[in-house]
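Only one structure is covered here, and it is reproduced in the block below.
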Amino acid sequence: MPNRVIKDSLRTSKTINALTDFQFRLWVHLIVSADDYGRGFADPELVKNLAFPRRKRVTESDIGKALSELAGMGCISLYEVDGESYFYFPRWSDHQRIQTKVSKFPAPPTSVIINGDSPSSTVSHGDSPLEARSENT
């Protein structure tokens with residue numbers, strides 16, 4: 001996995017500052033476990049084992065609830081493909097450099113719409129966010 005960037009703008013983000021401590025920790029763990037397209041498993045059992053393997057008091061129920069809350073706040077989006085649960089970060093390419101051409105996880109269904117954009121439009125395939133923005137303006 002490539003290194004991930006967490007920008008200092010999170011200090012003043014109303015959405016991020018509205019998160020509970022547990023939601024914030026889970027959100028950060030999702031960032032570092034996401035593939036290069038900002039996607040990953042959202043099955044609470046898998047997330048527990050990936051994000052909190054040594055935290056015995058953290059339960060799959062806690063994680064399932066927090067995933068739903070993060071999705072409700074727009075921090076992540078949840079989707080299913082072939083009965084498996086996944087997440088993706090709707091604005092991933094605004095904050096991360098995408099270096100690979102193929103995701104490790106299936107794309108969200110095209111019926112999932114975030115802020116009027118299809119999920120595939122959040123990926124710029126190698127352009128940095130700065131390069132992608134200057135091409136769009």
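Which of the residues belonging to region 1-22 are part of a helix (DSSP H, G or I) and either of a type in the set (Gly, Ala, Ser) or surrounded by 18 or more Cβ atoms within 10 Å (Cβ to Cβ) (or both)? Within region 1-22, just Ser9 meets the criteria. The set of residues in region 37-48 being open to solvent by 10 Å² or more (accessible area, probe 1.4 Å) and closer than 16 Å to Arg4 by Cβ consists of Tyr37, Arg39. Identify, from the list Ala66, Ala132, Ala107, Ala51, the residue that is open to solvent by less than 70 Å² (accessible area, probe 1.4 Å), modelled with pLDDT under 95 and under 18 Å from Phe22 (Cα atoms). Exactly one of Ala66, Ala132, Ala107, Ala51 is open to solvent by less than 70 Å² (accessible area, probe 1.4 Å), modelled with pLDDT under 95 and under 18 Å from Phe22 (Cα atoms), namely Ala51. Residue selection: Val123 fails the criterion of being at pLDDT 95 or above and crowded, with 16+ Cβ neighbours inside 10 Å. For region 71-91, indicate whether the set of residues that are among the basic types (Lys, Arg), touching a residue at least 24 places away in the same chain (Cβ under 8 Å) and buried (at least 19 other Cβ atoms within 10 Å of the Cβ) is non-empty. Scanning region 71-91, I find no residue that is among the basic types (Lys, Arg), touching a residue at least 24 places away in the same chain (Cβ under 8 Å) and buried (at least 19 other Cβ atoms within 10 Å of the Cβ), so the answer is no. Scanning region 1-51 for residues that are closer than 20 Å to Val81 by Cβ and in contact with a Lys or Arg (Cβ under 6 Å, 6 or more places away or on another chain) turns up just one, Asp35. Which members of region 14-31 meet the condition of being without any contact (Cβ under 8 Å) to a residue 40 or more places away in the chain and within 16 Å of Phe89 (Cα to Cα)? Listed by number, the residues that qualify are Phe24, Arg25, Val28, His29. Here the helices (runs of 4 or more DSSP H) wholly within region 34-95 that include at least 1 residues being aliphatic (A, V, I, L, M) are 44-51, 60-72.
The values are calculated or read from the model by the stated rules, or taken from the named source; none is laboratory data. It should be emphasised that the depicted structure is a prediction, and the values quoted were computed from it without experimental measurement. Heads up, the Cβs are rebuilt from the backbone with ideal geometry, glycines too, and the neighbour counts pull from every protein chain shown. Remember, those area values only see protein heavy atoms, side chains included, never the ligands or the DNA or RNA. Shrake-Rupley method; radii C 1.70, N 1.55, O 1.52, S 1.80 Å.
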